[in-house]
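No value in this document is a laboratory result; all are computed from the given coordinates. This one's a predicted model, so the numbers in the text were calculated from it and none came from an experiment. With ideal geometry, Cβ positions are generated from the backbone for all residues, glycine too; neighbour counts draw on all protein chains shown.
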Amino acid sequence: MSYEKAKEAADFIRSKYEKEIKVALVLGSGLGAFGDEIENAVRIPYEEIPHFARSTVEGHAGRLILGEVADVSVAVQQGRFHYYEGYEMSQVIFPVRVFGSLGVKSLILTNAAGSVDTDFKQGTLMLIRDHLNLIGINPLRGKNDEHFGARFPDMTEVYSLDYQEIALSVARAMENEKLKAAEARTGIKQEKPRILRRGVYCGLSGPSYETPAEIRMLRLLGADAVGMSTVPEAIVARQMNINVLGISCITNLAAGISDETINHEEVMETGAKVAETFKELLKRIIPKLK
Ligand code: HPA
């Protein structure tokens, strides 16, 4: 059933954009601006795509953008469906099923997250090394359609190690360039900026942010960042043998780490502040994904 639905949606998308899509991206809260970087863009509101749900959260435009980044054909989800909005899990992950039907082999999942690791400050980009699924449900629950993949898919390497290497080497090059530019500008030796750190993302269902006690618990469990998305999409992509790259934008310190309270506006603002670095990073990574 969902296999046919995904095919229908994929056929519709193909009727709007004929090129073969190589990379799909999901833009997280506050990170939607990357959608403006797409060349020869075809924008399709989610309402028009068969079987897509509609996005309701502020800061999510709710459309699929097809076009090119650095000469690579991409499909960009500007706005995602969150479980906390009340969608069924099947609706949350449906776009990823559609990407699979389109033959996409690479998926970049991005999100806004709170830092559990006190070393990751606001504005840090975190490369997701692995995740903890504490959403309370697995997106593959229910009858399995073998068209998509195995009943019990392996999750040893949800986030492609090759892609992690690519992202880190791109980030290191950008760090060196930034350092050189800063030293040339000031004439003073500087500490190298860190553009991308690596860590474990924990997905919770939300929509309330965590309590300080929950954040202490997550730290004990090995989480570095916490958010309300990504994990279901990553699991489903892995089942379909799509290689996943995950990047979190640390928009705030998680609850109890500082005296500050957490609010959605701050999350959106931090996304806007790192937008330039984030765009540059993605533009350089995308043509390298195989
Ligand atoms: N917790 C959960 N989700 C989030 C946070 C947070 O602190 N920041 C952005 N998304």
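Going by a ≥ b ≥ c, the root eigenvalues of the Cα gyration tensor, does the range 153-237 fall in the rounded group (a/c under 1.5), the prolate group (a/b larger than b/c) or the oblate group? The shape class here is oblate. With a ≥ b ≥ c the root eigenvalues of the C-alpha gyration tensor of the range 1-146, is it rounded (a/c under 1.5), prolate (a/b larger than b/c) or oblate? Note, shape of the range 1-146 comes out oblate.
Arranged from highest to lowest average of other beta-carbon atoms within 10 Å per residue, in what order do the peptides 75-83, 237-245, 265-273 appear?
75-83, 237-245, 265-273
With the simple spin-label model, which puts each label point 7 Å out from Cα in the Cβ direction, the GLU39 to ARG172 separation comes to 2.9 nm. Please identify the DSSP H helices in the chain that span no less than 20 Å along the helix axis (Cα) and have a mean Kyte-Doolittle hydropathy of 0.5 or more. Helices meeting the span and hydropathy rule in the chain: none at all. Between THR186 and GLU265, the distance separating the two model label sites (each 7 Å from Cα on the Cα→Cβ line) works out to 3.1 nm.
In this structure, the residue pairs whose Cα-Cα separation is over 31 Å, taken from LYS5/LYS121; LYS180/LYS273; LYS19/LYS143; LYS189/LYS273, are LYS5/LYS121; LYS19/LYS143.
Normalising by the residue count of the chain, find the relative contact order in percent from Cα pairs under 8 Å and 6+ residues apart. Rounded, it is 27 percent for the chain.
Highest mean packing comes first when the peptides 280-290, 246-256 are listed by Cβ atoms within 10 Å, giving 246-256, 280-290. In the range 1-100, the DSSP beta bridges split such that about 70 percent are antiparallel, to the nearest 5. Averaging the Cα positions of each part gives two centres, and for the range 91-124 and the range 227-290 these lie 6 Å apart. Taking a ≥ b ≥ c as the square roots of the eigenvalues of the Cα gyration tensor, the range 141-290 is oblate, since a/c reaches 1.5 or more and a/b is not larger than b/c.
Quick one: net charge of ALA167's neighbours, Cβ under 12 Å, K/R +1, D/E -1? Please list the in-between numbers first.
Values: positive: ARG129, ARG172, ARG197, ARG198, ARG284, LYS288; negative: ASP162, GLU165.
Net of charged neighbours comes to +4.
A Förster distance of 30 Å, applied to the separation of the beta-carbon atoms of LYS279 and TYR84, puts the FRET efficiency at 0.65.
A convex hull fitted around the alpha carbon atoms of the chain yields 127 Å³ per residue. Rounded to the nearest 20, the Cβ-based charge dipole of the range 248-290 about its Cα centre (Lys and Arg +1, Asp and Glu -1) stands at 640 debye. Taking every DSSP bridge with both residues inside the chain, close to 35 percent are antiparallel.
Students often forget the sequence filter, so: which aspartates and glutamates lie under 13 Å Cα-Cα from LYS22 once same-chain residues fewer than 8 apart are removed? Correct list for LYS22: GLU68, ASP71. In the chain, a dipole from Cβ-located charges (positive for Lys and Arg, negative for Asp and Glu) runs towards its positive end, and of LEU161, ILE135, TYR84 it is LEU161 whose Cα lies farthest in that direction.
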